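The values are calculated or read from the model by the stated rules, or taken from the named source; none is laboratory data. Model, not experiment: these values are computed from the prediction. A quick note on method: Cβ atoms are made from the backbone with ideal geometry, for glycine too, and the neighbour counts reach across all protein chains shown.
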Amino acid sequence: NENLEKRLPNIKVPTLIIWGSKDKTTPLSIGKKMKKQIHNSTLLVIDGTHKIPYERPKEFSDKVIKFISSI
């Protein structure tokens, strides 16, 4: 419940933001806002809810590995 929005522009490393397309806990609009505030960030939307790492672990880990390998 803590708002860390003020800190987002301070992130200076390439950042992968993964969001569930059906996330009702934290709506996609928040992810889009984060994308705008973190320079050099990538927003990846995956079909699923707030629990993407548990719902789609293979897809999630493949995307993270691909991102890390590209930087």
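Evaluated against (1) modelled with pLDDT under 95; (2) in contact with a strand residue (DSSP E or B) (Cβ under 6 Å, 6 or more places away or on another chain), Ile18 falls short on exactly one condition, (1). The residue that is nearest to Asn1 (Cα to Cα), counting only those in segment 15-67 that are in contact (Cβ under 8 Å) with a residue 40 or more places away in the chain and out of contact with any helix residue (DSSP H, G or I) (no Cβ under 8 Å at 6 or more places or on another chain), is Val64.
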